[in-house]
Amino acid sequence: MARQRIMRRLARWHIWIGWLAGVPILMWTVTGLVMVARPIKEVRGEHLRAPDLPIAPEGLVLPRLSAPVLSVELVHQPDGPAWIVSEGDGGRYRYSAHAPGNVLPPVTRAEARRIAEHAFTGPSALSALTYFPADAAPLDLRRGAASWQARFADGTNLYIEDATGEVLAVRTSYWRVFDFMWGLHIMDLETREDTHHPILILFAALAVMGVLLGCVLMFRRRSARRAP
C-alpha cells in the first residue's frame, strides 16, 4: 500500500511538472527543428560572400606603426590592398599597403558601396546603405562597432566596419528567423546571448524531473502488467 501511495504521488507530480515544463519542452523542440533545418553555413550567408583574392607582392610596404600591436593582416579591398592592424589597446585600424603605408581614414559612403557590391555575390541589388555608430549598432550585428549596413533587395544585411572596411557579418532573412528561434531556445529575446540565467535553469531542471518521473512510472506500469 505504501508503495502504491508513493507511485500515486509521483504520478501527480509528473502531471503538474508536465503542465509546467510541457510548453518549454515543445518550444525547445520546435526551435531546435527550425535551427537545424538548414546548414549553418547557409544560415550565416557564407555562400553569399565573395572569396578572398590573392594579392600580388609587388609594391607592398609594411604599415608605419607607432604603438604595440597584437596582429597585422593583409587583406584585399576594392580600392587596393590594406593592412588591418589590431593594437594592444583593442583598437583596430586600416593602413595602406602601398607607400608610404600610412593609416587610412574611415570608410566613406561611396567606398562602403563598393565594398558591399564587391563582397556580395547574391543576385539581389543593393537597395540601401545606412551608417550606425558603435553605441547604436543593430541587434543582428552582435557587436558594438561603428559600421555601414548594406541592405540588399532580398532582405540580406551586410555589415562593413567603419574603421577597417572589413565585412563583419552577413545576415540573411533566414538568419533573423534562426536568431529569433535561438532567443526563444535560450529564453533570452533581449540580447540572445545569455545561456545561463535562472528561468532557463529552472525549466530545464523541471523538464529533467518530469522525464525521470515518467521513466519511474513507466517501469511501474510494466511491472504491473507482468504481475497478473
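Taking the longest Cα principal axis of the chain as reference, the axis of helix 173-185 is set at about 40 degrees. In the chain, Cα pairs under 8 Å separated by at least six residues give a relative contact order of 21 percent.
Each peptide in 52-61, 77-86 receives the mean, over its residues, of other Cβ atoms within 10 Å, and ordering these scores from highest gives 77-86, 52-61.
Which of the peptides 87-93, 15-21 is most tightly packed, and how do the rest follow, going by the mean number of other Cβ atoms within 10 Å of each residue? Intermediate values should be presented prior to the final figure.
Working: 87-93: 12.1, 15-21: 14.7.
In descending order of packing, they fall as 15-21, 87-93.
I want the local charge near Thr172. Using Cβ-Cβ distances under 13 Å, sum +1 for each Lys or Arg and -1 for each Asp or Glu among the other residues. Don't skip to the end; give the middle numbers.
Details: positive: Arg38, Lys41, Arg44, Arg49, Arg151, Arg171, Arg176; negative: Glu42, Glu46, Asp140, Asp154, Asp179.
Surrounding charge for Thr172 is +2.
Counting every other Cβ atom within 10 Å of each residue's Cβ, Ser173, Ser71 order from fewest to most as Ser71, Ser173.
Which of rounded, prolate, oblate describes the stretch 46-171, given a ≥ b ≥ c as roots of the alpha-carbon gyration tensor eigenvalues and a/c under 1.5 marking rounded, otherwise prolate only if a/b is larger than b/c? Mind dumping the intermediate values first?
Working: a/c = 2.20, a/b = 1.43, b/c = 1.54.
The shape class here is oblate.
Could you work out the relative contact order of the stretch 1-84, using alpha carbon pairs under 8 angstrom and six or more residues apart, expressed as a whole percent? Could you put the intermediate results ahead of the total?
Numbers: 21 pairs, mean separation 13.1, N = 84.
That works out to 16 percent.
Neighbour counts of other C-beta atoms within 10 Å: give me Arg12, Arg176, Arg94 arranged from fewest to most. List each step's numbers first, then the result.
Values: Arg12 11, Arg176 15, Arg94 23.
By the 10 Å Cβ count, ascending, the order reads Arg12, Arg176, Arg94.
The long axis of helix 198-226 is offset from the longest Cα principal axis of the chain by roughly 40 degrees. In the stretch 46-171, Cα pairs under 8 Å separated by at least six residues give a relative contact order of 20 percent. Helix 2-35 and the longest principal axis of the Cα set of the chain meet at an angle near 20°. Between the alpha-carbon centres of the stretch 30-48 and the stretch 104-131 there is a gap of 25 Å. Ranking of Phe178, Phe219 by neighbouring Cβ atoms within 10 Å, starting from the fewest: Phe219, Phe178.
Charge dipole of the stretch 92-228 (Cα centre as origin; +1 on each Lys and Arg Cβ, -1 on each Asp and Glu Cβ, all else neutral): 980 debye, rounded to the nearest 20.
Taken together, the values in this text are just the output of simple stated rules run on the coordinates, not laboratory data. What you see is a predicted model; the values in this text were computed from it and never measured. So basically every Cβ, Gly included, is an ideal-geometry build from the backbone, and we count neighbours across all protein chains shown.
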